[in-house]
């Protein structure tokens, strides 16, 4: 790692920690999605030394809405928020000692999440550096560090931070095992199984990465066959992954089968049965139809991926979303162009790495779509489990905009976006942003001296948006 890379690496990490602590300290209590329910789970484990059981009555929508509407002000109670009691236990078991040592104070538990987020950033950089050059790996790290909604979630009490960390480690391990396969030792494969097992007892979203895990084993087996591999060793690799995974996850599955009955080994059926009053997709369709559903799904997913805070009640300025939409569309153009080039020129190992990242992204997207088939949960934060794949795509796509062909394609996209805006939703500021973007994308190849500065400026802008989100939107609108 070059000296300047080390400095940027440390600067990103330090900046994230400062912003994360500011969010943890200044975000009003309980004003993060599901935070009271996660806190009550930690409370139960810390006080009773046992795991809770989700029961009818643990979801009281009326009491919950009263507390949310009152902004959790004086007289409000979080006792009715118990609907996360079906969650896998690892995060809550780790957080329980902090609860005991601090007499249940909220801030230390939030700072625990911020700390896990810092570990996540270190893993993101290491994993990205396996497949892209260090400067782009730093871009991926910065994207994860400064994505406003992600910072808000990493500074709240929930099991997302630990789940994301373990999933990122899984991705890192899978990529490393395919790009740099060990010759004899089974230690790395055993470690992969252990991390996967820990993930399965942290959050159910981790199950979306199991296909990626299976494909990793298949690709490794294929590569060994090409090298006249030993079938006995192939079986050993499979067992090295499966054994620790089952040792860690099987007791949790058996416990749930004993508690919830039937085939409900994750407690999800019990959860669906008790969340009475939560809006279901079938009800929304019957009331408002497909067009409204698709429009809401698209708009809310995009906004809440970037920043829709509190209990989805705090929106950013519309011009900010427009700017983020333009930048997202441009980086998508760049990422697709780069993906096409790398796929054509790449070796089998590179293609295998791209396959793993794609499967991880599809796992998150598929889980999100599946969840929304049952309930209206249009929250982009549910795509965070495999943020590494999105971050690499963002970093690579942003850098690719400096190439003439890509910049022209992005400029045409911006012109098209401006025309659509003019027809469907004319607005002076929106149209101005599309026009400025089109001109900038077109001129990018002629600004070679400024490419590095412009690239870094995007991520510095995201860090600034974090502070704007906190002090201009979250605190003023959510303060009791």
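Extending 7 Å from Cα along the Cβ direction at residue 450 and again at residue 317 yields two label points whose distance is 2.2 nm.
Across the chain, the relative contact order, built from alpha-carbon pairs under 8 Å that are at least six residues apart, equals 21 percent. The Cα atoms of the stretch 342-467 define a convex hull whose projected area, averaged across directions, is 10.7 nm².
When N is the residue count of the stretch 123-230, what does its C-alpha Rg come to as a fraction of 2.2 N^0.38 Å? Could the numbers behind the result be given before it?
On the way: Rg = 15.5 Å, N = 108, 2.2 N^0.38 = 13.0 Å.
Dividing the Cα radius of gyration by 2.2 N^0.38 Å gives 1.19.
Note on the stretch 50-91 and the stretch 96-159: Cα centroid distance 25 Å, given to the nearest whole angstrom.
Entry note, the stretch 64-141: relative contact order of 15 percent, from Cα contacts under 8 Å with a spacing of 6+ residues.
Multiplying the residue separation of residue 107 and residue 288 by 0.36 nm and subtracting their alpha-carbon distance yields 61.1 nm. For the stretch 139-285, relative contact order (Cα pairs under 8 Å, six or more residues apart, normalised by length) works out to 22 percent. Give me the number: length gained by fully extending residue 259 to residue 25, i.e. 0.36 nm times residue separation minus the C-alpha to C-alpha distance, one decimal in nm. Fully extending the segment from residue 259 to residue 25 adds 80.5 nm. Between residue 278 and residue 350, residue separation times 0.36 nm minus the direct Cα-Cα distance comes to 21.5 nm.
Using Cβ contacts closer than 10 Å as the measure, can you line up 274, 98 from fewest to most? Please report the intermediate quantities before stating the final value.
Details: 274 19, 98 16.
Sorted ascending by nearby Cβ count, the order is 98, 274.
Sorted fewest first by neighbouring Cβ atoms within 10 angstrom, 138, 373 come out as 373, 138. One entry in (i) 23.2, 80; (ii) 49.9, 159; (iii) 23.0, 70 is Rg and Dmax of the Cα atoms in Å calculated from the shown coordinates; its label is (iii).
When 338, 283, 35, 345 are arranged by Cβ crowding within 10 Å, least crowded first, meaning fewest neighbours, the order is 345, 283, 338, 35.
The alpha carbon convex hull volume per residue for the stretch 130-177 rounds to 61 Å³. Here the stretch 240-306 and the stretch 395-474 have alpha carbon centers that stand 36 Å from each other.
Computed from the coordinates by the stated procedures, all read-outs in this text should not be read as laboratory data. If you're wondering where the values come from, they're calculated on a predicted model, not measured in any experiment. Quick reminder, even Gly has a Cβ in these numbers, built from the backbone with ideal geometry, and neighbours come from all protein chains shown.
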